[in-house]
1. Assuming R0 = 35 Å, can you tell me the calculated FRET efficiency for the pair residue 322 and residue 302, based on Cβ-Cβ distance, to the nearest 0.05?
2. What number, rounded to the nearest 500 deg cm²/dmol, is the helix-based mean residue ellipticity at 222 nm of the chain, given -39500 (n - 2.57) per DSSP H run of at least four residues and division by all its residues?
3. Could you compute how fast the chain diffuses translationally, taking Rh as the Kirkwood radius over C-alpha pairs and applying Stokes-Einstein at 37 °C with viscosity 0.692 mPa s? Give it in µm² per second.
4. Counting DSSP beta bridges with both partners in the chain, what percentage is antiparallel, nearest 5?
5. Quick one: what are the phi-derived ³J(HN,Hα) couplings along region 236-246, Karplus 6.51/-1.76/1.60 with θ = phi - 60°, whole Hz, x for glycine and proline?
6. Taking the Cα centre of region 223-369 as the origin, how large is its charge dipole in debye, to the nearest 20, when only Lys and Arg (+1) and Asp and Glu (-1) carry charge on their Cβ atoms?
7. Around residue 305, which amide H atoms from residues at least 5 apart in sequence, or from another chain, sit under 5 Å from its own amide H, with H modelled in the peptide plane?
8. Arranged from highest to lowest average of other beta-carbon atoms within 10 Å per residue, in what order do the peptides 453-462, 130-139, 65-74 appear?
Amino acid sequence: MKSQIRNIVIVGGGTAGWMTAAALSNVLKDAYHIRLIESDEIATIGVGEATIPHIKIYNAALELDENELLRKTQGTFKLGIEFVNWGRIGDSYIHGFGKIGQDLATIQFYHYWLKLYQQGRAPDLERYSINTVAPRRAKFMRSVDNMPGSPLADIGNAFHFDAGLYARFLRGYAEQRGVQRTEGKIVDTLLRPDDGFIETIVLESGEKITGELFVDCSGIRGLLIEGALKTGFEDWSHWLPCDRAIAVPCESVDPLLPYTRSTAHAAGWQWRIPLQHRIGNGHVYASRFMGQDEATSILMGKLDGKPIAAPRFISYLPGKRRKVWNRNCVAIGLSSGFLEPLESTSIHLIQSGITRLLNFFPNSGFDVADMDEFNAQSDFEYERIRDFLILHYKATQRDDSPFWNYCRAMEIPQTLQHKIDMFRSNGRILREGTELFAEASWLQVMHGQGIRAQGYHPLVDLQSDKVITELVAGVERVIAKCVDFMPGHADFIAAHCRADVAAMTQR
C-alpha cells in the first residue's frame, strides 16, 4: 500500500526556490510540511528580469494583485523583444507576443501578407501586430476584454521586474502559508544505502534535515541532482556557443520602453531590460571567441546611463540534466539546465517545472512510470526551446567575425532544420505538441533574420486580389489607429502601478 508523503524539502531560495515554495504552499495547503533551506552566503544569479506571458498564469493561480506585484518589484510591462544586428548589422525587428493580423477562411493572416510581400506590394511584417507597432512608440495598455475583434483585445504582455524583489515578494507569500525557512549552508547529503534515495541533508551547523521529496533549486551547481545523485548533463555548447555573461545595472533613461532589447555583438549579444528604477544590462558571449576584458569593455561602452554597481561575472554550460527527476529529487530552475536568456525563458522553465511536478506529484512509491513521463516532457520542452534559440544564431548573414562564421556554418538539430525547410517552401510553420513557442514566434524570428518563404498557402488564392489587398491594408490601418489611442508606457505605470520613491532607492 502506497502512502502519502508528508515532508518536502526545497534546497535553495532565489526565484526558483520561492516560486516553488509559493506554488506548493498554495496548492498543497497544510496537508504537507514544506521546508526551504537557503544560505545568505551563497549569491543567486538573479539577472533574469524579463518574462514571457505565461507568467500571468502563475501569478493568477496564486491570486496575486498584478499592480501590487509590479509596485513591489519595480516592474514594467513587456510587449516583446527587439533583436538588433542579428541577421545583418543594421537590422532590427521585434518578436512580439501578440496576434498577427486577422485570419480569414481558416487560413492564417500571414499567408495573405506573404503573397503581397513576395510581390513587393506590402510593407514588412512588423506593421501587422499591435505588439510590434506599439513598442516602437513606447505605448502600452492592458488588453481590453470587451472589444472582441479589435487589436486592443489582442495585446499580449509579460513583465520586466527585479528578480530579487520578486523572490522576496513570494517568500512573504509562502511563509504566510506555512513554509518554514531555514538559514544554513549544506555540507553533506546522505543517501539511503538500499536505493540511493536522498534521506538527509546536513547543515554546517550540524543540524540534520530529513525529507521524502527533495526539490533542488540550488542553481547551476545542482547541489542535489548532480552533486549528490551524479545525474549527468547534456552539453549543448556546440549549438549554443555562448558560455559567459557579464551583468551590470545602470541609471534609467527616457523613454521607458515596453520591450527587452537584444543587440548582437562580435561574439554574443547584449541585453537591455528597463525597470522602473534602473536598466538591467548584460553581455552574453562565447569565451572561445572573446576574452573577458574585451567583453566587459563592449558592455560598459554601450550602456544608456551611468552604471550603478560593479559588473558581475557568470560562467555556465548550456544544456540540461540527463534526468530532471532522479529518484526522490526534482530539479527546478537552473539546477535542471541552463538556456541563455535570449528569449526570456528562464523563469518560464521554473514555472513549467513546478506545474509538471504538481501534475505528477508522487506518493511514497515514487513510481518509475510517472518519473519517466515527467522526464520525457521536460526533455521535449527543453529541446524545443533549445531549437528556437539556435535559430537566432544559425539564421544570420553576418560574416564579420569568427563567431558568426561558426554559427552560420554549424550543423543544427534535424528538428530545427525541418522547421526551416517547411517555412522556406510555402511559409508553413508546424507547432508540435506542447512546444512553447507558437507559429507567430517562429514566423517573426525566421523572417526577421532573413529566412524567406518562397511561397504561401495555396488556398490564399481562393480569395480575390481585392479581398486580400483590403484585408492586409485594413489590418495595418486599424492597428495604427489603435496605437494612437494607447497611452504611453510610463504614463500607464504612473497611473496604475508606480513604485514608491523610497522603495526605489533600496536596490
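The values are calculated or read from the model by the stated rules, or taken from the named source; none is laboratory data. Everything quoted here is computed from the prediction, not taken from an experiment. Using ideal geometry, Cβ is built from the backbone for each residue, glycine included, and neighbour counts are taken over all protein chains shown. Each accessible area value is taken on the protein alone, full model and side chains, heavy atoms only, with ligands, DNA and RNA left out. Shrake-Rupley method; radii C 1.70, N 1.55, O 1.52, S 1.80 Å.
1. E between residue 322 and residue 302, to the nearest 0.05, is 0.40.
2. -10500 deg cm²/dmol
3. For the chosen part, D equals 137 µm²/s.
4. Restricted to the chain, the bridges split so that about 70 percent are antiparallel.
5. Residue by residue, region 236-246 yields 10, 5, 6, 9, 10, x, 6, 9, 9, 9, 10 Hz.
6. Value, rounded to 20: 280 debye.
7. The answer is 251.
8. The most tightly packed comes first, giving 130-139, 65-74, 453-462.
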